[in-house]
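So that we are looking at the same thing, I have put the structure below in structure tokens.
The values are calculated or read from the model by the stated rules, or taken from the named source; none is laboratory data. Computed from a predicted structure; not experimentally measured. Positions of Cβ are generated from backbone atoms using ideal geometry, with glycine treated the same way; all protein chains shown enter the neighbour counts.
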Amino acid sequence: MSKVMRVGIIGGGLMGREAASAFGRWFVLNQFPVRAELVAVCDLQDSLLDWFRQIPGVRLLTRSHQELLACPDVDVVYVAVPHNLHESIYLDVLRAGKDLLAEKPFGIDLAAARRIHAAARESGRFVRCSSEFPFLPGPQRVVQFVKSGRLGKPLEVRSCFWHASDLDPSKPVNWKRQVRTCGEIGVMGDLGMHVVHLPFRLGWNPVRVYAQLQKIHAERPDGRGGMAPCDTWDNAMLHTDVVIDGMETPMRLETKRLAPGATNTWSIEVLGTDGGVRYSTAEPKTLWVFDRQKEQWWNRTELGFQAAFPTITGGIFEPGFPDCFLQMWAAYAAERAGELGDRFGCVTPDEAVRSHELFAAALESHRTRSAVSLA
Ligand SMILES: NC(=O)c1ccc[n+]([C@@H]2O[C@H](COP(=O)([O-])OP(=O)(O)OC[C@H]3O[C@@H](n4cnc5c(N)ncnc54)[C@H](O)[C@@H]3O)[C@@H](O)[C@H]2O)c1
């Protein structure tokens with residue numbers, strides 16, 4: 001490893017600590033050209049800053065993101081804060097001359113995403129947005145299958161990300177359940193980037209959307225003995241049309257907080273007249289491939305640990321969330337260093353803005369109960 005990427009984290013909550021864990025076992029990457037080092041962390045909560053004290057190499061723990069950004073040791077900043085803070089903190093990162101891995105949804109709404117995109121372009125910094133599931137071996141095989149031309153004529157695409165913990169009405173409210181902090185797009189802001197990353201990268205950009213949005217539990221315990229409004233969209237089904245091989249094809253994008261039985265379940269299915277492919281994180285080693293001659297088969301392949309960036313992990317083992325998150329960071333570091341090659345890359349600012357265009361059109365579609373065209 002020759003190059004070093006020194007990272008600062010702003011927002012040391014769920015995802016900030018997940019990132020720290022990825023850097024902590026960076027050595028799992030085999031002969032990787034960049035070494036990642038976590039050097040600085042910013043959060044408003046002292047208890048979280050204390051958690052980061054156990055990590056060797058972290059030399060700055062601060063409650064001020066400006067102090068972190070003033071630190072000359074930081075090359076790249078990972079920002080994982082509530083959505084209402086994305087724009088101002090991302091812009092501060094760019095103004096400070098740092099590269100950025102931005103958590104999704106890349107701003108609270110379309111207008112914010114466009115301003116961040118413009119600032120990123122003007123700054124010339126390397127900016128990408130987070131979405132890790134495509135970096136699992138299964139989704140990469142889905143991409144290879146589609147590119148192999150074995151689909152025949154396209155029939156339909158379904159890309160989903162489902163959660164279930166919100167089924168429980170006694171689950172306390174948090175910032176992800178309120179429009180002020182999560183955004184009007186609600187669950188689409190939380191889960192939507194995950195379902196569009198792979199389709200967008202395959203060139204499947206919706207030309208039309210009809211959205212069904214649901215709010216299920218209108219209030220939740222506020223953690224202080226009372227109830228608080230819970231005003232974001234909980235479930236969103238976006239029925240879109242995309243053009244695949246010159247044919248208009250239905251693509252359904254599902255983001256759900258109330259999907260019975262699903263715990264962080266990401267899945268994709270692509271069907272054609274000659275072949276099809278299906279993958280779900282509910283079965284992390286399993287790839288289903290459809291084939292037909294006189295008879296028809298769904299063939300089950302038991303995948304191993306063939307990640308895009310080779311690791312020391314045995315090929316027979318199965319991958320999980322921390323692995324794809326680490327692979328996403330490897331893709332970020334490799335692309336930043338000009339070493340991505342033909343591998344799958346992180347969400348670009350263009351793709352992030354496009355996702356917001358889709359979610360804004362979905363809001364309009366639901367408001368007007370009609371299909372909305374996307375230019
Ligand atoms: N990629 C994924 O799979 C994934 C999963 C969950 C969340 N996310 C995204 O990550 C981001 C954060 O979500 P989370 O689940 O980690 O939330 P979280 O609530 O667990 O953590 C957010 C942290 O930000 C800190 N914070 C708030 N304001 C701050 C400020 N001004 N300066 C510094 N720190 C501040 C909070 O104290 C908190 O610790 C969101 O954009 C969310 O959509 C991504």
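Inspect all residues belonging to region 315-328 and state whether any of them is within 16 Å of the ligand (Cβ to nearest atom) and among the β-branched types (Val, Ile, Thr).
Residues of region 315-328 within 16 Å of the ligand (Cβ to nearest atom): 319-328.
Still in the running and among the β-branched types (Val, Ile, Thr): none.
No, because not a single residue in region 315-328 is within 16 Å of the ligand (Cβ to nearest atom) and among the β-branched types (Val, Ile, Thr).
I need the full set of residues from region 136-166 which are under 20 Å from the mean Cα position of the chain (by Cα) and either assigned by TED's automatic domain parsing to the domain that holds Lys104 or outside any helix (DSSP H, G or I) (or both), in order please.
Of everything in region 136-166, those that are under 20 Å from the mean Cα position of the chain (by Cα) and either assigned by TED's automatic domain parsing to the domain that holds Lys104 or outside any helix (DSSP H, G or I) (or both) turn out to be Leu136, Val157, Arg158, Ser159, Cys160, Phe161, Trp162, His163, Ala164.
For the subset of region 70-108 comprising residues that are within 20 Å of Cys346 (Cα to Cα) and of a type in the set (D, E, K, R), which member is nearest to the ligand (Cβ to nearest atom)?
The selected residue is Glu103.
Working carefully through the options Met193, Met188, find the one that is within 16 Å of the ligand (Cβ to nearest atom) and over 16 Å from Arg367 (Cα atoms).
None of the others qualify; the one that does is Met193.
Need the failing condition index for Trp204 against (1) within 20 Å of Ile268 (Cα to Cα); (2) surrounded by 18 or more Cβ atoms within 10 Å (Cβ to Cβ); (3) in contact (Cβ under 8 Å) with a residue 60 or more places away in the chain, just the number.
All conditions pass for Trp204, except number (3).
Sticking with this one: If you go through region 243-258 one residue at a time, do you hit one that is under 25 Å from His366 (Cα atoms), in a loop (DSSP other than H, G, I, E, B) and modelled with pLDDT of 95 or more?
Yes - at least one qualifying residue is present in region 243-258.
If you take the residues of region 121-135 that are away from the ligand (no atom under 16 Å from the Cβ) and either assigned to a strand (DSSP E or B) or among the charged types (D, E, K, R) (or both), which of them is surrounded by the fewest Cβ atoms within 10 Å (Cβ to Cβ)?
Ranking the qualifying residues of region 121-135, first place goes to Glu122.
While we're looking at this one, here's another question. What number of residues within region 158-180 are within 13 Å of the ligand (Cβ to nearest atom) and crowded, with 16+ Cβ neighbours inside 10 Å?
Pass one, region 158-180, residues within 13 Å of the ligand (Cβ to nearest atom): 161, 163, 165, 172-178.
Okay, now just the ones that are also crowded, with 16+ Cβ neighbours inside 10 Å, so 161, 163, 173, 176-178.
Result for region 158-180: 6.
Considering only strands (runs of 3 or more DSSP E) fully contained in region 4-113, which possess at least 2 residues that are crowded, with 22+ Cβ neighbours inside 10 Å? Spell out the reasoning first.
Details: elements: 34-42, 60-62, 76-79, 99-102.
Passing ranges, in order: 34-42, 76-79, 99-102.
Conditions first: (1) part of a helix (DSSP H, G or I); (2) within 13 Å of the ligand (Cβ to nearest atom). Ala118 passes all but one, so which condition is the exception?
(2)
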